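The values are calculated or read from the model by the stated rules, or taken from the named source; none is laboratory data. The structure displayed is predicted, hence computed values, not measured ones. Every residue, glycine as well, gets a Cβ built from its backbone with ideal geometry; the counts of neighbours run over all protein chains shown. With ligands, DNA and RNA removed, areas are computed over all heavy atoms of the protein, side chains included. Shrake-Rupley method; radii C 1.70, N 1.55, O 1.52, S 1.80 Å.
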Amino acid sequence: MSVYEAIYKVMLSVPSGTGEMLPQVKDIIRTTASHNRQVVLAFPPKVGGTFMRTALLHLMSNNYQSYLSRGSYANLDQARDLYFPTVLSQHIMQTPRPSAAVMHLHVYPNRHVTDMLEAFDIPVVLSSRDILDTLISSINMTDDMEMDPDVFIDDSIITNGKPFREMSSDERRYSVVHYVSLWYARFYGQWLRYDRECRAQGKRPPLWLTYEELKDEPQMVLARMARHVDPKNHYSEDDIRKALALSMIDKEAVRINKGVSGRGSTYFTPEEQKTIFDIVGKAGEADLIRMGVLNEDALARVAASARKKAEA
């Protein structure tokens, strides 16, 4: 079957009544496999994703024509889904050198998304960060963006119904504590469930990284990413060092910011921290502690504060 015939047959197909990809479509995708690679970095916002995607792009350029692909179509909000025509094009694209599309998406593992990941054999990398530090980093970013009236602010996570620029400071703070933390709870919870499904069914699970690892051992992190997304090729320690060095040339482009651990615990009140922990913890407290999203000492400190206040 030619590439053009495969495209024609796939694009004429429609999903099943439940939205799943039909088996015959999956078969066509598998039979048109190329030497191209596709990678999804499903990092949530403010966990160092921009820096690591840049490093991975530099590293994979040793063996591929690597490029950044949003993988989505016309999505301006944070919940970007994979766009099937883009993923299909990247899969069958014929170039003198194999290509590597690195897609950085804040994507939920909905069934249509995981269907595409599995049919196109796309590895996924995830990263996590202390939730309080994540939230304060998000606040800093939006505060900086607000200074320029022409900058588009994606308020899909924080909005209470009003545009971000029209919200009062109290409304913004309330929204960060209640709405933004809920977005992260959903994100981590859904990916953790998909991870468990992969392990139970013998499918390749996502690779999980942490922000602290990225800060403290970037070479180790990038090496793990390379083994996960491109196991057929070997990347030496020198390759990894060079990729990281190239990524650091333009710090503004890769958004290297304060990155100081513990800032969130000094910004949010004990009551706000308890609310955040209660919301995020629903995604699975033990897993989130292991991933560094929740901190056992902080959980104990906030619980003790709440008990003391109740007894007063």
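Can you work out the Karplus-derived ³J(HN,Hα) for every residue in segment 161-173? Use 6.51 cos²θ - 1.76 cosθ + 1.60 with θ = phi - 60°, whole Hz, and x for glycine or proline.
Couplings: x, 8, x, 3, 5, 9, 7, 6, 5, 5, 5, 5, 5 Hz.
Among S261, S156, S168, which one moves the most in a GNM of the chain with springs linking Cα atoms closer than 10 Å?
Maximum among the listed residues: S168.
Provide the per-residue ³J(HN,Hα) series for segment 277-289, in order, calculated from phi with Karplus coefficients 6.51, -1.76, 1.60 and θ = phi - 60°, each as a whole number of Hz, with x at glycine and proline positions.
Those phi angles translate into 5, 4, 5, 5, x, 5, 6, x, 4, 4, 5, 5, 5 Hz.
Under a plain spin-label model, where a point goes 7 Å from the Cα along Cα-to-Cβ, how far apart in nm are F152 and E212?
3.7 nm
Round to the nearest 10 and give me the degree value, 0 to 90, for the angle of helix 296-311's Cα axis relative to the longest principal axis of the chain.
Computed tilt is about 40 degrees.
Pulled fully out, how much extra length does the chain show between E20 and R290, if you take 0.36 nm times their separation in residues and subtract their Cα-Cα distance? The partial results should precede the final answer.
Values: separation 270, 0.36 × 270 = 97.20 nm, distance 3.26 nm.
Stretched out fully, the E20 to R290 stretch lengthens by 93.9 nm.
Which whole-Hz ³J(HN,Hα) couplings does segment 149-156 yield from phi under the Karplus relation 6.51 cos²θ - 1.76 cosθ + 1.60, θ = phi - 60°, glycine and proline marked x?
Rounded to whole hertz, the list is x, 8, 7, 6, 10, 6, 9, 5.
Quote the FRET efficiency, to the nearest 0.05, computed for R173 versus A245 with a Förster distance R0 of 35 Å and r equal to the Cβ-Cβ distance.
Values: r = 39 Å, r/R0 = 1.12.
So the FRET efficiency works out to roughly 0.35.
Taking 7 Å along the Cα-to-C-beta vector as the label spot, tell me the D81-K309 distance in nanometres, rounded to one decimal.
With each label point 7 Å from Cα toward Cβ, the separation is 4.0 nm.
Which length gain, in nm to one decimal place, applies between D27 and R165 when the Cα-Cα distance is subtracted from 0.36 nm times their residue separation?
On the way: separation 138, 0.36 × 138 = 49.68 nm, distance 4.82 nm.
Once the chain is fully extended between D27 and R165, it gains 44.9 nm.
Would you please classify the overall shape of the chain from the alpha carbon gyration tensor, given that a ≥ b ≥ c denote the square roots of the eigenvalues, rounded means a/c under 1.5, and beyond that prolate means a/b larger than b/c while oblate covers the rest?
On the way: a/c = 1.81, a/b = 1.60, b/c = 1.13.
In terms of gyration-tensor shape, prolate.
Roughly how big is the chain's charge dipole about its Cα centre, with Cβ charges of +1 (Lys, Arg) and -1 (Asp, Glu), in debye to the nearest 20? The partial results should precede the final answer.
Numbers: 38 positive and 40 negative charges, 140 e Å.
The dipole of the chain has a size of about 680 debye.
Working out 0.36 nm times the residue gap between N110 and R224, then minus their Cα-Cα distance, what length gain in nm do you get to one decimal? Could the numbers behind the result be given before it?
On the way: separation 114, 0.36 × 114 = 41.04 nm, distance 2.54 nm.
Net length gain for the segment: 38.5 nm.
Amide H of R37 versus every other amide H placed in the peptide plane: which residues, excluding those fewer than 5 positions away on the same chain, fall under 5 Å?
S99, A100, A101
Among M145, A33, L135, pick out the residue whose Cα is farthest towards the positive end of the charge dipole of the chain, where Lys and Arg carry +1 and Asp and Glu carry -1 on C-beta, about the Cα centre.
A33
Filter the cross-link list K203/K232; K215/K242; K282/K308; K274/K308 down to pairs whose alpha-carbon distance in this structure exceeds 22 Å. Before the final figure, lay out each step's value.
Values: K203/K232 18 Å; K215/K242 17 Å; K282/K308 24 Å; K274/K308 13 Å.
From K203/K232; K215/K242; K282/K308; K274/K308, over 22 Å: K282/K308.
K162: which lysines have alpha carbons under 22 Å from its alpha carbon, excluding same-chain residues fewer than 8 sequence positions away?
none
Using alpha-carbon pairs under 8 Å, 6+ residues apart, how would you state the relative contact order of segment 49-158 in percent?
Numbers: 90 pairs, mean separation 30.1, N = 110.
Reported as a whole number, the value is 27 percent.
Taking every DSSP beta bridge with both residues inside the chain, roughly what % is antiparallel (nearest 5)?
If we restrict to bridges inside the chain, about 0 percent are antiparallel.
Ignoring ligands, DNA and RNA, please state the percent of accessible area on the chain from carbon and sulfur, probe 1.4 Å.
53 percent
So, counting K/R as plus one and D/E as minus one, what does the shell of residues with Cβ under 11 Å around Y211 add up to? Please list the in-between numbers first.
Working: positive: K46, R129, K215; negative: D130, D133, E212, E213, D216.
Surrounding charge for Y211 is -2.
Given the rule -39500 (n - 2.57) for each run of at least 4 DSSP H residues, summed and divided by the residues of the chain, what is its mean residue ellipticity at 222 nm, to the nearest 500 deg cm²/dmol?
-15500 deg cm²/dmol
Considering only I276, S69, M225, whose Cα is most displaced toward the positive end of the charge dipole of the chain, charges sitting on Cβ of Lys, Arg (+1) and Asp, Glu (-1)?
M225
Take S61 and T266, extend 7 Å from each Cα along the Cα→Cβ direction, and tell me the distance between the two endpoints in nm.
Result: 3.8 nm between the two label points.
Given H placed on each backbone N at 1.01 Å, which residues far from S69 in sequence or on other chains put an amide H within less than 5 Å of it?
HN-HN under 5 Å from S69: V102, M103, H104.
I'd like to check one number: the per residue accessible area of the chain, probe 1.4 Å, reported in Å² as a whole number.
On the way: 15780 Å² over 312 residues.
Value for the chain: 51 Å² per residue.
Name the long-range amide H neighbours of S128: under 5 Å, sequence gap of 5 or more, or other chain; modelled H, no Pro or chain starts.
L209, T210, Y211
Using only the alpha-carbon atoms, how far is helix 49-60 inclined from the longest principal axis of the chain? Give it as 0 to 90 degrees, nearest 10.
30 degrees
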